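Novice: Sharing a structure, written as structure tokens. Questions coming.
Rule-based calculations on the coordinates, nothing more; no lab input. These numbers come from a predicted model, not from an experiment. In this analysis, Cβ positions are derived from the backbone assuming ideal geometry, glycine residues included, and neighbour counts consider all displayed protein chains.
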Amino acid sequence: MMCPMATFLIALAVVATGLYAGFMLIFLTGIMPALGRLTDEQFVAAMRRINEDVPRGVFVSVMLASVAFPVAALAVPGDDRSAAEWGLLGAGLGLVVLNHLITIAGNIPLNNALAASEQTGTTDRDARAAFETRWNRLHLVRTLVVTAGFALVVSASLA
């Protein structure tokens, strides 16, 4: 029988990765398509505000929890944890970390460049052209990656 702490931590890992993957999916399927229909000026202004407001409190907590809880679940010994559970949880964690690396290496620099374009006198049309397609491609990849990570963490909880 698995120890209660390991079970609890895996449940928290499922919740955290699910919330994070859900946020990414809603952004991919709802927010970005809606913003895509805005004028250049509206799009750039909206993305600048989103990029200022999203990386705060609840979002950062969920993002960090999507790594912390799987790590904690792996660190707590489970009395009869199967090799499949260890592997699924580890692979899910790896994909969540990969999502964060894509964010850090790709999306955040684009967010920063969009913010800086306001100071450099870049037109909203040029700022959007340099940002939107690249950001959306990276976001698609990181959404697929974290969703697969979530599926693996769920699978680990059922193994």
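Novice: Arranged from highest to lowest average of other beta-carbon atoms within 10 Å per residue, in what order do the peptides 65-77, 101-113 appear?
Specialist: The packing order, highest mean first, is 65-77, 101-113.
Novice: Of the listed peptides 151-158, 9-16, 28-35, what is their order by residue-averaged count of other C-beta atoms within 10 Å, with the highest listed first?
Specialist: 9-16, 151-158, 28-35
Novice: Moving on. Hey, how much of the P(r) for the stretch 1-69 falls beyond 18 Å, as a percent of Cα pairs?
Specialist: For the stretch 1-69, the share of Cα pairs beyond 18 Å comes to 52 percent.
Novice: To the nearest 0.05, how large is the calculated FRET efficiency for Ala113 and Asp53 if R₀ is 22 Å and r is the Cβ-Cβ distance?
Specialist: 0.75
Novice: Oh, and also: On each of the three principal axes of the Cα atoms of the chain, give max minus min coordinate, whole Å, ordered largest first.
Specialist: That gives 62, 23, 21 Å along the principal axes, largest extent first.
Novice: Stretch Thr39-Leu140 to full length: gain in nm at 0.36 nm per residue minus the Cα-Cα span?
Specialist: Result: 34.1 nm gained on full extension.
Novice: What angle, in degrees between 0 and 90 and rounded to the nearest 10, separates the Cα long axis of helix 83-102 from the longest principal axis of the Cα atoms of the chain?
Specialist: Its long axis makes an angle of about 20 degrees.
Novice: Based on the Cβ-Cβ distance of Ala75 and Ile104, what FRET efficiency does E = 1/(1 + (r/R0)^6) give at R0 = 25 Å, to the nearest 0.05?
Specialist: 0.60
Novice: So who's got an amide H within less than 5 Å of the one on Cys3, skipping anything under 5 residues away but keeping other chains? H placed 1.01 Å off N, in plane.
Specialist: Excluding prolines and chain starts, which carry no amide H, the hits are Asp79, Asp80.
Novice: Mind checking the stretch 1-89 for trypsin sites (Lys or Arg not before Pro) that DSSP puts in a loop (not H, G, I, E or B) and that have at most 15 other Cβ atoms within 10 Å?
Specialist: Arg37, Arg56
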